[in-house]
1. When a footprinting reagent is the concern and you count Cβ atoms within 10 Å, what order do Ile12, Ile107 take, fewest first?
2. Please provide three numbers in whole Å: the alpha-carbon extents of the range 55-109 along the principal axes, with the largest listed first.
3. Report the gain in length on full extension from Thr21 to Thr34: 0.36 nm times residue separation, minus Cα-Cα distance, nm rounded to one decimal.
4. Full extension from Asp88 to Arg52: what is 0.36 nm times the residue separation minus their Cα-Cα distance, to one decimal in nm?
5. Where in the chain are the DSSP H helices whose C-alpha atoms run 30 Å or more along the long axis and whose mean Kyte hydropathy is at least -1.0?
6. Report the normalised scattering of the chain as log10 I(q)/I(0) at q = 0.13 Å⁻¹, calculated by the Debye formula with identical scatterers on the alpha carbons.
7. Quickly work out the Met1-to-Leu142 label distance, labels modelled 7 Å from Cα along the C-beta direction, and quote it in nm with one decimal.
8. Can you compute the modelled spin-label distance between Ala120 and Glu102, with each label point 7 Å from Cα toward Cβ, in nm?
Amino acid sequence: MEDERLAALERIARGAVVMTTRALGSAAPGVDVTLPQWRLPIILGDEPAGVRLGDVAPRVGVTLPATSRLIDRLARRGLVTFETDARDRRARRAMLTDQGREVREAILEHRRGALRGVAATVGRADPSDRRSGEPSLLDRLLEAVAAEFDRFA
């Protein structure tokens, strides 16, 4: 049973990556954001005041120099801007530009559309009675899986 769970989770993870890759390619025509770069708009979009570069690297999962290169590429495309950190004048904070926020939202909305289709299909397979107002077993299981995946976000 554990092997089947592992295989199912692997298929979900693979499908999510493909779904995101497709969203990157079609949600914002003319804006080339790679999958490794995509993590940055997610992180920066969650913090309107920006994020110190040193705090971004561990969340992206690469070195500070690699993170700086990724951010610089997005800055050259007009998606990210920098400010000096008010608390530490030696540090820089990266934040999304208006265009960066628009691109982020377009990609997220494209992906949400695909996820809505998955949720609708899975929801039809859920035989639980929804009239009780309580989350179904499927909904509770999905929430538990999502909570575990939050550790990687």
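A short reminder: the numbers here are calculations on the coordinates, not readings from a lab. Quick caveat: nothing in here was measured; it's all calculated off a predicted structure. Neighbour counts run over all protein chains shown; Cβ positions are idealised from the backbone, glycine included.
1. Working: Ile12 13, Ile107 23.
The order, fewest Cβ neighbours first, is Ile12, Ile107.
2. Per principal axis, max minus min of the Cα coordinates gives 34, 24, 18 Å.
3. Numbers: separation 13, 0.36 × 13 = 4.68 nm, distance 0.80 nm.
Between Thr21 and Thr34, full extension yields an extra 3.9 nm.
4. Values: separation 36, 0.36 × 36 = 12.96 nm, distance 0.98 nm.
Contour length minus the Cα-Cα distance gives 12.0 nm.
5. Working: long enough: 2-26 (36 Å, 0.01); 98-124 (38 Å, -0.67).
Length and hydropathy pass: 2-26, 98-124.
6. The computed values of log10 I(q)/I(0) come out as -0.73.
7. Each label point is offset 7 Å from its Cα along the Cβ direction, giving 2.3 nm.
8. Taking the simple label geometry, Ala120 and Glu102 are separated by 2.8 nm.
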